[in-house]
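The values are calculated or read from the model by the stated rules, or taken from the named source; none is laboratory data. What you see is a predicted model; the values in this text were computed from it and never measured. Don't worry about glycine lacking a Cβ; one is built from the backbone with ideal geometry, like all the others, and counts go over all protein chains shown.
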Amino acid sequence: MLKRNYHTHTPRCQHAEGREEEYVRAAIRAGFAVLGFSDHTPWPYRSGFVSGMRMRLDQFADYKRTVLDLRAKYAGQIEIPLGLECEAFPEYTEWLRDFKAEHLDYILLGNHYDYTDEGDHRRFYPAGGFYFGRCTRADAVIRYGKRTLAGMATGLYDYIAHPDLFMNTYPEFDADCRAVSRDLCQAAKALDMPLEFNLLGADRSEANFIHGFEGYPCPGFWEIAAETGCRAIIGYDAHCPDFLTRDDLYDDAREALKVLGMEVVEALDI
């Protein structure tokens, strides 16, 4: 089966490694039909904030040029769409709408931060800055649900990346997690938005996996997704070229989704 991945990063995000062409060559060797680049989106921060986990806006032109050059070079061997992984920042929604229309083939809703990532991300406060991968309290999980639902409602995003990110450091899949999961899955079903089964999270050997927590993909979330009739899409969330060769993670994901009886989206309509 020819594989497709729409969740691929570059070193511009400051936490990935490898040149873009190395990702493309790895994908071709691994039998991919499509490799979409979707690095963390730059934002036109009005505060002058400089993020440590995404490209700067002045780096986007080089990102776009590099991806388009590779698309032309490897035409006939692999499709290479241009995308970004974006949060749902209400202050910048209209900017993102215009930016997508001008530059991008697709965008993923990867809701990492609350409101914006400007500010102190080490503590929760309503104005923004909290990292949703460090949820330890119910109010943070609920906030993640509300912010993600608002992003879904914009109609901007092609699928939801790691929708169960809130389980990364949350102690248990409790009633609040179930309620948020049901809300997200019902909205995804109504909007026909695929939910990503994230292979980076599934790799329990990765340095970002925090031992002692259930993490994501979270079985409880995916059981609700299956019961709701949602569609799944497998995303590598690749931060290095060799990760695209992890057939073990891909095969395990397909088996898990088969057991759940979920439809797997093989290709985005972009």
Discussion item. Can you tell me how many residues within the range 1-20 are touching a Phe, Trp or Tyr at 6+ places or on another chain (Cβ under 9 Å), in contact (Cβ under 8 Å) with a residue 60 or more places away in the chain and of a type in the set (Asp, Glu)?
Written reply: 0
Worksheet item: Could you list, in sequence order, the residues of the range 1-38 that are buried (at least 19 other Cβ atoms within 10 Å of the Cβ) and either at pLDDT below 95 or assigned to a strand (DSSP E or B) (or both)?
Response: Arg4, Asn5, Thr8, Phe32, Leu35, Phe37, Ser38
Discussion item. Here's a check for you: in the range 191-219, which residue that is over 21 Å from Met152 (Cα atoms) and touching an Asp or Glu at 6+ places or on another chain (Cβ under 8 Å) is modelled with the highest pLDDT?
Written reply: Leu199
Response to the item:
Given the conditions (1) assigned to a loop (DSSP other than H, G, I, E, B); (2) touching a Ser or Thr at 6+ places or on another chain (Cβ under 7 Å), every one holds for Ile224 apart from (1)
Fill in: Residue check for Asp251: touching a Phe, Trp or Tyr at 6+ places or on another chain (Cβ under 9 Å) and either surrounded by fewer than 23 Cβ atoms within 10 Å (Cβ to Cβ) or not small (Gly, Ala, Ser) (or both)
no
Fill in: Test: residue in the range 60-81 that is in contact with a Pro (Cβ under 7 Å, 6 or more places away or on another chain) and modelled with pLDDT of 95 or more
yes
Response to the item:
Counting only residues that are in a loop (DSSP other than H, G, I, E, B) and within 12 Å of Thr41 (Cβ to Cβ), the range 77-110 contains a total of 5
Practice prompt. Only residues in the range 179-190 that are closer than 16 Å to Gly155 by Cα count as the first member; pair them with residues that are surrounded by fewer than 24 Cβ atoms within 10 Å (Cβ to Cβ) and modelled with pLDDT under 95, Cβ under 9 angstrom, at least 6 apart or cross-chain, and list the lot.
Written response: none
Discussion item. Quick check on the range 157-177. Is at least one of its residues charged (D, E, K, R), assigned to a helix (DSSP H, G or I), modelled with pLDDT of 95 or more and surrounded by fewer than 16 Cβ atoms within 10 Å (Cβ to Cβ)?
Written reply: no
Practice prompt. Within the range 104-120, work out how many residues are over 22 Å from Val141 (Cα atoms) and out of contact with any helix residue (DSSP H, G or I) (no Cβ under 6 Å at 6 or more places or on another chain).
Written response: 3
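Restricting the range 39-76 to residues that are aromatic (Phe, Trp, Tyr) and assigned to a loop (DSSP other than H, G, I, E, B), which is surrounded by the most Cβ atoms within 10 Å (Cβ to Cβ)?
Residues of the range 39-76 aromatic (Phe, Trp, Tyr): 43, 45, 49, 60, 63, 74.
Still in the list and also assigned to a loop (DSSP other than H, G, I, E, B): 43, 45, 49, 74.
Values: Trp43: 23, Tyr45: 17, Phe49: 12, Tyr74: 17.
Going through the qualifying residues, I end up with Trp43.
Working carefully through the options Asp269, Asp251, find the one that is in a helix (DSSP H, G or I) and either within 27 Å of Ala187 (Cβ to Cβ) or free of Cβ contacts under 8 Å to residues at least 40 places away in the same chain (or both). Before you say what the answer is, go through the steps one by one.
Values: Asp269 fails: in a helix (DSSP H, G or I).
The unique qualifying residue is Asp251.
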